[in-house]
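Worksheet: the structure to be examined is printed underneath.
Since every read-out is calculated from the coordinates, none of them should be taken as a lab result. What you see is a predicted model; the values in this text were computed from it and never measured. All Cβ positions, even for glycine, are placed from backbone atoms using ideal geometry, and neighbour counts span all protein chains on display.
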Amino acid sequence: MMTLSIRSIPLLPISLAFCLTLAGCAGDPLESGVDPFAPMVFKEGVTAMPLNPPNATTIQPFYVSQQTIFKFAVDTDSILIGNDGVTRYIVILTSPNGNSQVQYEGIRCDSFQWRLYGTFESGTWKENPLSSWRPIQDRTPNRYQAALAQGAFCNFNSQEKNIKTIIKSLNPNGFTGQTKPTNSFGLMN
């Protein structure tokens, strides 16, 4: 009969296996208390007001709806695709009598919300102290945030990350201001 002594069992492989087992359990959501399927909490990045007024050479008019009497345009140079999921932009709203209002706003595709950061008044940007996230209204005549979100800034509920795709989408010959139709494979037509 053969007896094993403790000295004959190498301790390094046993202790290595034990450590790997413990390390494998460390990422277990039941052990760590972190649920990988829990919704992410939105954390907005720092938003700085633009330094300049809209660039007259990069202003792109866009279609909103048949019911609106206003005209809308976005400064394509101002479009910033944030890592926080917010697309920021300068928009110009023009009333039928020719008065314009210039605003700096942001759109979140994941929650279909918009935020007014500030306005351009008397040659300077003024921050909006009451700025907060609001639902985008899709059923109103002046639904320009919905038109931008659905027609250019978002791919359904995710942020469009390619500036060239956004600018191409804003082309007045193809911009419909609504969710782009897809084929049965989920590809944009």
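May I ask you to list the residues of region 69-97 whose amide nitrogen lies under 18 Å from a point 7 Å from Cα along the Cα→beta-carbon direction of THR57?
So the set is 74-79.
Give me the distance in nm between label points sitting 7 Å out from Cα along the Cα-to-Cβ direction at ASN171 and MET49, one decimal.
Between ASN171 and MET49, the label points sit 3.7 nm apart.
Over all directions, average the projected area of the Cα convex hull of region 56-169 and note it in nm².
Projected area, direction-averaged: 7.4 nm².
Tell me the label-point distance for the pair TRP133, ASN162, using the 7 Å Cα-to-Cβ offset, in nm and rounded to one decimal.
Spacing of the two 7 Å Cα→Cβ label points: 2.7 nm.
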